[in-house]
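Working notes for the structure below.
The values are calculated or read from the model by the stated rules, or taken from the named source; none is laboratory data. Everything quoted here is computed from the prediction, not taken from an experiment. When we count neighbours, we look across all protein chains shown, and the Cβ atoms used for this are built from the backbone with ideal geometry, even at glycine. Ligands, DNA and RNA are stripped out before the accessible areas are found, and what is left, the full protein with its side chains, is counted by its heavy atoms. Shrake-Rupley method; radii C 1.70, N 1.55, O 1.52, S 1.80 Å.
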Amino acid sequence: MKNAISIVLLGAALSACGGGSDSGTPETPAKPPVVVTPPVVPVVPADSVTVASEAVAKEAGLSVIAGASADESVYDVAADIGDTWRITFDSVKKTYVIRVLSTQFGLSDRSGTFSATTTGNLTTYTGTDFSVTVDARTRLLSGNIKLGNMVSTVSGSGYAVGDVAKLAGNYIFLGSMRNASNGAFPFHPKGTLKIAADGAAQLCNGGVFNAQGVCSAVSPQLEAENASLTLVKDAKTGLLVARQGGQDFGIVHVHAGDRGLALFIDRYGRNQENVMRVGTIVAAKQQKIGTEINGSYACAAQGISANMVVAGSTATLTNNTTGKTHAETITVNKLGLGAQAVDFDGVAVFKDPADVPADYSMFMPVSSSMAVEFSTDRSYMGMCLKK
């Protein structure tokens with residue numbers, strides 16, 4: 001091998017000095033290799049909402065609710081009538097199943113076929129007596145369903161809770177409840193919720209927790225009420241249940257929004273007069289509201305459907321049934337109006353100047369794509385999906 005290398009080097013040296021045989025045929029110079037430049041593939045930036053939501057889910061130890069096959073997607077939802085349902089979509093068979101996990105009205109499972117349309121990150125599933133929309137970025141489901149003789153607005157998540165301790169933190173909440181039998185005595189709780197790592201929780205209606213951890217009224221016009229709860233996983237169903245004393249307070253569904261965790265609580269339980277009370281409570285990590293709520297929304301509540309455009313301090317609402325449009329003023333990070341208004345991050349107040357002073361709406365975003373709202377003149381919560 002050494003000799004071979006020496007010969008090659010010597011030939012190269014002679015060539016460089018002009019030596020060698022004059023009668024030899026000069027070698028054809030080798031063509032330089034063709035350099036192929038690979039096409040530039042544009043880097044698509046990761047969707048910020050998806051990234052934030054997945055980070056929230058990971059930190060909270062949430063897992064995707066598994067279906068019977070890879071074709072199925074599953075969502076657990078709180079129905080505003082006071083029920084918990086599990087909705088499963090089969091993307092290949094185009095079928096759905098609504099399974100009743102908890103009901104106060106004797107409702108039964110049902111199934112059927114659906115059609116689906118996707119716009120951006122939102123997929124709307126439509127079938128007989130139901131229309132729901134799923135945000136692929138956050139696995140959030142919301143919409144309207146008729147089951148049996150009951151019509152309900154539903155909201156929930158494609159995630160299940162693994163470790164209750166990872167839900168620990170402070171939340172704000174809005175809620176709506178009423179008598180199960182006749183819808184009488186509507187009640188709209190609002191305030192703060194504190195969850196400890198051991199699952200112990202405190203619900204402070206009408207107030208906040210002070211530096212000593214005591215539930216204190218945020219305004220002289222409001223009376224703070226404290227309820228002690230315990231969050232436990234039901235061994236049979238795997239659902240997260242809130243208990244108050246020896247009875248159920250409701251079932252908790254956890255949403256991994258890009259703004260942080262949100263809790264959809266299917267509220268049911270008997271009061272001191274042994275009357276069954278039902279409804280929903282939605283809680284979200286507290287943070288200030290800014291211009292991020294600007295945009296167009298599709299809003300729905302019991303018997304009401306509307307489109308809403310938020311721009312600065314004004315919301316323009318169009319009733320989809322009547323076609324009538326009106327404007328409302330917006331005050332952000334407040335509870336109440338006028339003399340009762342107090343600073344409270346995470347909630348906006350919507351007011352129609354044509355309404356009586358006591359009528360207004362409260363609006364609380366739970367993620368970039370969804371907010372909940374209630375009006376003082378209604379007994380059900382509404383859901384607004386950002387377009």
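Placing pseudo-labels 7 Å out from each Cα toward the beta carbon at Lys288 and Thr314 gives an inter-label distance of 2.5 nm.
Rolling a 1.4 Å probe over the heavy atoms of the protein chains gives the chain an accessible area of 50 Å² per residue.
Ranked by the mean number of other Cβ atoms within 10 Å of their residues, highest first, the peptides 255-268, 322-335, 70-83 fall in the order 255-268, 70-83, 322-335. log₁₀ I(q)/I(0) of segment 136-278 at q = 0.09 Å⁻¹, via Debye over equal Cα point scatterers, no solvent, to two decimals? The calculated log intensity ratios at q = 0.09 Å⁻¹ are -0.30. The ellipsoid that matches the Cα gyration tensor of segment 41-178 has semi-axes, each √(5λ) in whole angstrom, of 26, 21, 14, with the longest given first. Using only alpha carbons, segment 272-322 has a radius of gyration to Kirkwood radius ratio (Rg to Rh) of 1.14. The charge dipole of segment 41-119, taken about its Cα centre with unit charges on the Cβ atoms of Lys, Arg (+1), Asp and Glu (-1) only, comes to about 220 debye.
Solvent-accessible area assigned to carbon and sulfur over the chain amounts to 55 percent, based on a 1.4 Å probe.
Computed over the chain, relative contact order equals 12 percent, with contacts defined as Cα pairs under 8 Å that lie 6+ residues apart. Enclosing the Cα atoms of the chain in their convex hull gives a volume equal to 287 cubic angstrom per residue.
Computed from the C-beta positions of Ala55 and His326, the FRET efficiency with R₀ = 41 Å rounds to 0.55. Cross-linked pairs Lys93/Lys166; Lys94/Lys288; Lys146/Lys166; Lys233/Lys334; Lys93/Lys236: Cα-Cα separations exceed 32 Å for Lys93/Lys166; Lys94/Lys288; Lys146/Lys166; Lys233/Lys334. Axis of helix 48-59 versus longest Cα principal axis of the chain: the two differ by about 70°, to the nearest ten degrees. Pair-distance distribution P(r) for segment 293-358, from all Cα-Cα distances in 10 Å bins starting at 0: 20, 48, 29, 3 percent.
Placing a pseudo-label 7 Å from each Cα along the Cα-to-Cβ vector at Lys166 and Ser111 gives an inter-label distance of 3.2 nm. Taken over the alpha carbons of segment 323-366 as equal point scatterers, the Debye sum produces base-10 log I(q)/I(0) values at 0.24 Å⁻¹ of -0.82.
Shown is the FRET efficiency for Asn271 and Asp47, computed with R0 = 45 Å from the Cβ-Cβ distance and rounded to the nearest 0.05: 0.50.
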